[in-house]
Amino acid sequence: MSGGAKAPLILLAAGGTGGHLFPAEALANALVARGFRVDLVTDHRVSNYLGRFPAGDVHVVSADTLRSGNPLRLALTLFRLGIGTLRSIFLLLRLRPKAVVGFGGYPTLPPLFAAKLLFIPTVIHDANAVMGRANRLIAKFASAIATGYPRTADPSLEYKATRTGNPVRPAVAAAAREEYPAISESSPLKLVIFGGSQGARVMSEIVPGALGKLEEKLRARLEVVQQSREEDLAEAQSIYRRLNIKAELAPFFADLPAKIAASHLVIGRSGASTVSELAAIGRPSILVPLPGAIDQDQLANATSLARVGGALLIRQADFTSERLATELTALFSDLSRLPAMAKAAKAEGRLDAAERLADLVMKVAGVAP
């Protein structure tokens, strides 16, 4: 199949966060390599993630999160989703995509509902071990369901579910080729710390204090890369300077996969993309699931990696500087433990997930390879 203006179009729909956009980017690259054109439907949060996204056009739709409780708020949300669906109908009539693929988040609902109304095939992909609420709303209408974990879909919908794994973007696939860095009793110890769109604050509050509790000899070997909110940067930098710890801090790292590959240990949340990328690259981690989520999806994701020995799971209620210092001391005191965790994590990675998902999309769209 050759590309160009006459090539078939696949429309991808994803909420504007890394957890939704990274697997969409991976699929987009796989489809473009097969000669398809790709457009993206998302929301206004997308700006940080579009640098390498191979979309012909990006379309922003009106959407909102469904919340219970306030009737006025619910009515306004339904109104916005309705407007978004109407605009999506006109968009799809203009674009004529062969299929619409959703990656979760409420901005995916209008284009997926519009596709259903226009009899355009749809695929939803859910990266979490527990299916997200937006995907659950649309799952029974979708032509096919792709999952990152087994038994994610409702049992009544398993007949149209396929476990493709979670697609990882090209930067992650490249990082996955890097061997785990050598570690010795005197080598630098490289830490990468990040919290995602909702979790950077707790990392800034807990991690610097934990590193300050380590023995001076151990602390002197640390090299830290840490995602930190703008408002937390100055204080975290001040602590690291006082502790004489070499640290690189920023609100966002465009080259995060490469930094993960260069690390000995990652400390972070356990969103689906984070866990998938840690497994693909093969790096040990300490995972702190985001608390308070209705579906506890991050807890399920972290549990999957901890169960095979690729990660340590610490619930946020237990995530204190003292606890973290204890765990770090134990990990860095046993030279065989971190490489073993890296190997266990790597065994869970699926680097062919984007190709598997592309196969499914082409099947549903009725387009021969």
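Report D for the stretch 221-369 in µm² per second (integer): Stokes-Einstein, Kirkwood Rh on Cα pairs, 4 °C, 1.567 mPa s.
Values: Rh = 17.1 Å.
Approximately 76 µm²/s, per Stokes-Einstein.
Please find, in a Gaussian network model of the chain (springs between Cα atoms separated by less than 10 Å), the residue of Lys217, Lys343, Lys98 whose mean-square fluctuation is greatest.
In this elastic network of the chain, the residue with the biggest mean-square fluctuation among Lys217, Lys343, Lys98 is Lys217.
Angle, helix 196-212 long axis vs. longest principal axis of the chain, Cα atoms, 0 to 90°, nearest 10?
Approximately 0 degrees, to the nearest 10.
I need to check one value: relative contact order of the chain, counting alpha carbon pairs closer than 8 Å and at least 6 residues apart, in percent.
On the way: 762 pairs, mean separation 59.6, N = 369.
That works out to 16 percent.
With the crude spin-label approximation of a point 7 Å out along Cα→Cβ, what separation in nm comes out for Arg337 versus Arg133?
Each label point lies 7 Å from its Cα, and together they span 3.8 nm.
Report the gain in length on full extension from Ala75 to Glu205: 0.36 nm times residue separation, minus Cα-Cα distance, nm rounded to one decimal. Kindly include the intermediate steps, with their values, before the conclusion.
Numbers: separation 130, 0.36 × 130 = 46.80 nm, distance 3.79 nm.
Residue separation times 0.36 nm, minus the Cα-Cα distance, leaves 43.0 nm.
Computed from the coordinates I sent, mean projected area of the Cα convex hull in nm² equals one of [x] 20.0; [y] 16.9; [z] 18.4. Tell me the label.
Among [x] 20.0; [y] 16.9; [z] 18.4, the one derived from this structure is [z].
In whole Å, what are the extents of the stretch 117-206 along the principal axes defined by its C-alpha atoms, from largest to smallest?
Cα extents, longest axis first: 61, 32, 25 Å.
Throughout, read-outs are computed from the coordinates displayed, never taken from laboratory work. Given the structure is predicted, the values throughout are model-derived calculations rather than measurements. Ideal geometry is used to build each Cβ from the backbone, glycine not excepted, and the neighbour counts take in all protein chains shown.
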